[in-house]
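All remarks here apply to the structure that follows.
Bear in mind that the values in this text are calculations on the coordinates, not laboratory data. Note that the structure is predicted; figures quoted are calculated from it, not measured. Glycine also receives a Cβ, built like all others from the backbone with ideal geometry; neighbour counts cover every protein chain displayed.
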């Protein structure tokens with residue numbers, strides 16, 4: 001056959017009968033998830049998860065900037081790739097942000113790293129299938145903590161904030177059950193360098209939540225059997241956002257621990273995708 005410069009649509013489909021073959025339907029609307037890493041500063045990457053379809057290579061997708069949790073230590077950047085795939089397949093890109101970990105680098109390095117990643121995305125989004133008028137900020141655990149500090153201290157126009165079992169107030173951290181006493185656990189001292197009360201207040205996102213701020217909608221999700229970060233951390237943030245009349249949705253995930261398989265399930269995916277679709281700009 002003569003070679004031609006075929007497009008997908010013009011390439012001839014083989015339609016002759018194949019005896020004994022199974023006839024399986026293809027889905028032209030199906031999205032796959034592909035991964036792409038870029039170093040946005042020395043020693044730190046952004047791990048992109050992009051929807052991909054052969055039919056629409058020029059499409060731009062709403063972006064979720066996600067801060068990967070790690071107890072503030074060096075992050076496992078592969079930890080949530082499969083957890084986020086259902087959301088990517090629903091048509092949303094992810095930019096998972098790596099920060100410099102404790103104890104080598106201490107606060108506020110992690111916050112500043114996320115700010116640098118956001119600036120990198122602002123300057124380079126044209127090079128990727130990103131719709132930059134639709135950017136959400138997300139984070140889980142310590143990453144949720146850092147994301148909340150960014151959201152509440154900086155004037156970025158996110159379409160929404162997704163807090164997945166993040167730390168909100170170190171002054172009330174030990175008020176509910178946890179496997180850890182955080183004043184004895186090394187994570188916090190490795191992250192901060194000390195447990196000075198003024199510093200603990202400074203790094204608590206609740207410190208920065210005030211009335212009449214220009215805040216986007218919030219989605220907060222937390223398992224009610226979380227043995228690491230007490231669910232009361234998320235309840236405190238939720239109730240204060242409601243008190244100040246901000247738009248917020250809280251989801252208690254029954255029987256879920258600190259993330260993991262019970263947490264990342266169909267109900268959670270449906271809730272996140274519904275939130276993203278509701279608040280993205282058409």
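Observations, loosely collected:
- In terms of surrounding Cβ atoms within a 10 Å radius of their Cβ, 207, 15 rank from fewest to most as 15, 207.
- Sorted by Cβ density within 10 Å, fewest first, the residues 171, 77, 16: 16, 171, 77
- Available extension along the chain between residue 59 and residue 153 is 30.6 nm, counting 0.36 nm per residue and deducting the alpha carbon span.
- Relative contact order %, the range 32-279, counting alpha carbon pairs below 8 Å whose residues are six or more apart: 17 percent
- Separation of alpha-carbon centers, the range 161-215 and the range 96-128, rounded to whole Å: 20 Å
- Residue-span extension gain [residue 198 to residue 21] - 0.36 nm each, minus C-alpha spacing: 56.6 nm
- Label point of residue 74 set 7 angstrom out along Cα-Cβ; within the range 109-133, amide nitrogens under 20 Å from it belong to 109-111, 113-114.
- Take each peptide in 23-35, 192-204, 61-73, count the other Cβ atoms within 10 Å of every residue, and average; sorted highest first, the result is 61-73, 192-204, 23-35.
- Per-residue Cβ neighbour rank within 10 angstrom, fewest leading, 178, 78, 234: 78, 178, 234
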